[in-house]
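Step one of this worksheet: look at the structure below.
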Amino acid sequence: MEAGGASTLFLLMLLSTVCARASAACTTRRCLAQALIDRKLLSQPQTDQCKQTLKVPFIEYQTLSVDTMNLRFTSRMQARMEWTDPELAWNRSEYDYESVVLPVDKVWTPELTVTNSMSLVLLHGSKDLLASSNGTMKHTMSFIVVVTCEVNLFRYPFSSDTCPVAIEAWSKDGCGMDLQLKDVHLLDGEQGDWSTDWVRVRKRGAGQHFLLVSLSTKSMNPFISLILPSILILFVDVVSFALPLGGGERNSFKVTLALSFIMFLLILNSLLPGDSQCSPILRIHFCVCLVFLVLSMTASMMLTRVAKDGLMIPLLCCKKTPSAPSEPGEDPDEEASAGGEGEKKDPGNELPEFSGDRQQLQKVVDFLEGVEEEKQQNERFYRIACRLDKICFYLYVLMCVVYFCLLTYMFTSYPCEIEHFAFWY
């Protein structure tokens, strides 16, 4: 009996030791994590109100690129999320730990969407999430999103606008997620010719949350490559009025300027932004500059014709100037026949030996008078063309000044609004 009691006591002691070891092993964090994983809670926490509050206390935002041709921009966001799952809580008296790490693929995690996105890539910030003893879950999600936004490009390259990034969580018929956005932080706001000035959290309507992103262009590079060349070409065209009308130098120079500007537009066509509700006024500016160059070239050609023939419209026939008398040595019978029935001279009153010399001398005098008259007529045409040229110059300068004043007003004060929330209905 004593031997049997001793063996029983030994077995009880051995069993208690094994149980104690087993109990000690089940109080570690890994054992707690395994116990939570074994619950296999892969569905959204269900409450009596069928709503689960999802808190996003902090979002890091960064604009990666802005595509002005296709009116879209790419962003990267990293959101810190918090929610409560009461069925993943534990008793601190059994497991004396405030928090434990769980794999994200073993428990339910919420997902956010961007309503106005063209493409969206969701990435887990880590393979694990942090669970607290009261059931609070903390996790980080990353987004790479391409958002369509018709940026107001009316004042390009001095344009600025705000674009929404609509962040939402799934909700349907009173069930789903109740999203609460708190704060946002901007990272690295410089992207090529664009800069992100600020980002704000806004709410529109019931449950419609969005980040309002302020974008503006860096005007230096577009101004140097787009606006400044057109201004300089117009300035050179105004200065070209200093070239003389005769000789054709001015006309050839103005034709060269017009062709150069056309080539300039063809080269820069790929650099101009895309068409939107508020199209860039820069396109109209280039058209007006081309019209000015063509008008200046046309006026110069017409004034050249005025200086030559005294005509303004090139379709009219050339005005015949008085023909110069025939040169000495021509047949005097042609002069007599061309004169018609003029006054007949009495041959008896003339000395025969001087009649031929007098006719030759008269022809020389008439020829020199015709040359002088033609020279005076050409000088008169040139003076008329010069006066018209001055009038055209002053009108051209006045048109340029008025146009640039109007362009400055359009760039600074003319309103053009775009509805950015058409995707919400």
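Identify the residue in the range 383-425 that is part of a helix (DSSP H, G or I) and among the aromatic types (Phe, Trp, Tyr) and, among all such residues, is least open to solvent (accessible area, probe 1.4 Å).
To start, the set of residues in the range 383-425 that are part of a helix (DSSP H, G or I) comprises 383-412.
Subsequent filtering for residues that are among the aromatic types (Phe, Trp, Tyr) retains 393-394, 396, 403-404, 409, 411.
Details: Phe393: 67, Tyr394: 152, Tyr396: 14, Tyr403: 30, Phe404: 59, Tyr409: 113, Phe411: 32 Å².
Among residues in the range 383-425 that are part of a helix (DSSP H, G or I) and among the aromatic types (Phe, Trp, Tyr), the one least open to solvent (accessible area, probe 1.4 Å) is Tyr396.
For the range 113-127, does any single residue satisfy the condition of being under 30 Å from Pro280 (Cα atoms) and not in a strand (DSSP E or B)? Walk me through it before giving the result.
Initial filter on the range 113-127 (under 30 Å from Pro280 (Cα atoms)): 114-120.
From what is left, the residues that are not in a strand (DSSP E or B) are 115-116.
Within the range 113-127, one or more residues are under 30 Å from Pro280 (Cα atoms) and not in a strand (DSSP E or B).
Mind listing whichever residues of the range 70-102 are loosely packed, with under 15 Cβ neighbours inside 10 Å and among the hydrophobic types (A, V, I, L, M, F, W, C)?
The one that is loosely packed, with under 15 Cβ neighbours inside 10 Å and among the hydrophobic types (A, V, I, L, M, F, W, C): Val101.
From (1) surrounded by 20 or more Cβ atoms within 10 Å (Cβ to Cβ); (2) at pLDDT 90 or above; (3) under 26 Å from Trp424 (Cα atoms), pick out the condition that doesn't hold for Leu153.
Answer for Leu153: the failing condition is (2).
One line per residue, one yes/no per condition, for (1) at pLDDT 85 or above; (2) in a helix (DSSP H, G or I); (3) in contact with a Pro (Cβ under 7 Å, 6 or more places away or on another chain):
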residue	(1), (2), (3)
Met13	no, yes, no
Arg21	no, yes, no
Gln46	no, no, no
Gln62	yes, no, no
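Residue check: is Ile262 among the β-branched types (Val, Ile, Thr), more than 30 Å from Arg72 (Cβ to Cβ) and either touching a residue at least 12 places away in the same chain (Cβ under 8 Å) or in contact with a His (Cβ under 9 Å, 6 or more places away or on another chain) (or both)?
Working: among the β-branched types (Val, Ile, Thr): yes; more than 30 Å from Arg72 (Cβ to Cβ): yes; either touching a residue at least 12 places away in the same chain (Cβ under 8 Å) or in contact with a His (Cβ under 9 Å, 6 or more places away or on another chain) (or both): yes.
In short, yes.
Which condition from (1) out of contact with any Ser or Thr (no Cβ under 9 Å at 6 or more places or on another chain); (2) surrounded by fewer than 18 Cβ atoms within 10 Å (Cβ to Cβ); (3) in a strand (DSSP E or B) is the one that Asp105 breaks?
So the condition that Asp105 fails would be (3).
Go through (1) over 29 Å from the mean Cα position of the chain (by Cα); (2) exposed (fewer than 13 other Cβ atoms within 10 Å of the Cβ); (3) at positive phi for Gly176 and report which single condition fails.
(2)
Any chance you could count how many residues in the range 203-224 are in a strand (DSSP E or B) and surrounded by 16 or more Cβ atoms within 10 Å (Cβ to Cβ)?
9
From the list Arg250, Arg283, Arg305, which one is among the basic types (Lys, Arg) and open to solvent by less than 10 Å² (accessible area, probe 1.4 Å)? First the steps, then the outcome.
Values: Arg283 fails: open to solvent by less than 10 Å² (accessible area, probe 1.4 Å); Arg305 fails: open to solvent by less than 10 Å² (accessible area, probe 1.4 Å).
From the options Arg250, Arg283, Arg305, the qualifying one is Arg250.
Go through the range 222-255 and give me each residue that's charged (D, E, K, R) and touching a residue at least 24 places away in the same chain (Cβ under 8 Å). Let's see the steps before the verdict.
Step one: list which residues in the range 222-255 are charged (D, E, K, R), which gives 237, 249-250, 254.
Matches in the range 222-255: Asp237, Arg250, Lys254.
The values are calculated or read from the model by the stated rules, or taken from the named source; none is laboratory data. Keep in mind that this is a model prediction, so the values were computed, not measured. Note that we place each Cβ from the backbone using ideal geometry, even for glycine, and neighbour counts take in every protein chain shown. Ligands, DNA and RNA are excluded from the accessible area calculation, which covers all protein heavy atoms including side chains. Shrake-Rupley method; radii C 1.70, N 1.55, O 1.52, S 1.80 Å.
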